Each structure stands twice: as structure tokens, then as C-alpha cells.
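Asker: My questions will all concern the structure given below.
The values are calculated or read from the model by the stated rules, or taken from the named source; none is laboratory data. Not measured: the values here are computed from a predicted model. Using ideal geometry, Cβ is built from the backbone for each residue, glycine included, and neighbour counts are taken over all protein chains shown. The protein model used for the area step is the full one, side chains on, heavy atoms only, and it has no ligands, DNA or RNA in it. Shrake-Rupley method; radii C 1.70, N 1.55, O 1.52, S 1.80 Å.
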Amino acid sequence: GAVYRYDYKNFQTSIRLASGQIVSTNAGEAKATGFEGQSTFQITPNASVFGTYAYSHARFGNGLFEGNRFRLSPDNSFSLGANIGFDAPTGRFSVIPTYTWQSEVFFDNNNDRTVLQTTGDRIQDEKQAAYGLLNLRIGYQPNDRPVKFELFATNLLDQAPIISRFRGSVGPADDLFTATTIRPR
């Protein structure tokens, strides 16, 4: 595990002006404290389970974004998984299911707060709610061969969370949203 703390003075970030121009700005003070931990438990010689947990309290202090969360910074996240192997007459098989989860995140340091909007936007919707992803990897390694074959599937539940969203401008009054989602199953 690890415990950390960051203290920032004169935190540099960018803001979008009413004209649509994006400029660098000094957001004042900011702090991040947290914990990250990892554990593995060997159930049998051929099976283990593992997990991780991270807590991050990343907030702006005084200044433009006072009290806001850092962009794309979940407060909580964890993962769980297993590594199961078994021998067959022709080689070794492995099965590795994993599940990862994270709490909500904002796409901008302004946390989509009405008072910080320059476009008249009055709805706090530029954030991604908490979500989880399930993945699976199945492998086979033939006896006495330096090769391994694997099949894998990511996002088995076919979730579509947005992992990045950007608001740009093609003119003084036009908004252009670009969003990137997790790849589908």
C-alpha cells in the first residue's frame, strides 16, 4: 500500500472564455491526499484472488475552483480478480476474470457548476456516474512450447461510460462536444 499527499500552489489549468478561447490560468491552491492498496491471496497452488483499492481526495483550495474536485479524478476505485490455472495432458489452461469500478468523475475542473459556466449552461451533466467493467482472459500454453495462446473479452457487460469529454468551439456562439467512451464489448 501507499499513502500520499500533494500540496500545490499556483495550480495551472485551462479555462474556456465566453468567446470560446481556451486559455491557461492560475487556479490557486490545490491538495490531494489518498491511499492505494493491493493484495493477493493464494487460495490453492493453482488459484489466487487479487484486489486493489484507491481513495483519492483531490480538491482545489482557494482560488477559481475552490472546493471543486480535480477533473477525471474518482474519489474511490477498486478492482477484483482471480487467476485460475489447471493442467491438461497437452498443456496448461488459465482463466482470469477481472472487475474494475470507479466512482463518478467530472470532465472539467469547473465541475460543471452553473456559477463557472461561460455559455449559459445551467445543467450539471458534464460528469460520468460511477461504473464498473467486467473482463475475461482465457489462455492455453502447450507443453514444452515457448508460446501461449489467449482469448480475451473486455467490457463483457457492454457498458458505455464516457471517459473523456471536451467542449470546444467552432465560432463565438457554437459549442462542439467531443466525447470518448469505453470501447464496446
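Asker: Give the number of residues within the range 125-156 that are among the basic types (K, R) and within 18 Å of L80 (Cβ to Cβ).
Answerer: Within the range 125-156, the subset among the basic types (K, R) is 127, 137, 145, 148.
Applying the additional criterion that residues be within 18 Å of L80 (Cβ to Cβ) yields 137.
Result for the range 125-156: 1.
Asker: Taking the range 130-185, which residues are at pLDDT below 85, part of a loop (DSSP other than H, G, I, E, B), surrounded by fewer than 14 Cβ atoms within 10 Å (Cβ to Cβ) and of a type in the set (A, V, I, L, M, F, W, C)?
Answerer: Across the range 130-185, the qualifying residues are A160, V170, A173.
Asker: Next question, about the same structure. Which one of these does S19 not meet: (1) in contact with a Pro (Cβ under 7 Å, 6 or more places away or on another chain); (2) hydroxyl-bearing (S, T, Y); (3) in a strand (DSSP E or B)?
Answerer: The failed condition is (3).
Asker: Could you grab me the full set of residues in the range 88-110 that are aliphatic (A, V, I, L, M) and crowded, with 17+ Cβ neighbours inside 10 Å?
Answerer: Step one: filter the range 88-110 for residues aliphatic (A, V, I, L, M), giving 88, 95-96, 105.
Residues satisfying the conditions are I96, V105.
Asker: Do you know which residues across the range 30-52 are open to solvent by less than 80 Å² (accessible area, probe 1.4 Å) and under 18 Å from R69 (Cβ atoms)?
Answerer: Taking the range 30-52 as the starting set, the residues that turn out to be open to solvent by less than 80 Å² (accessible area, probe 1.4 Å) are 30, 32-34, 37, 39, 44, 46-52.
Within the range 30-52, A30, A32, T33, G34 qualify.
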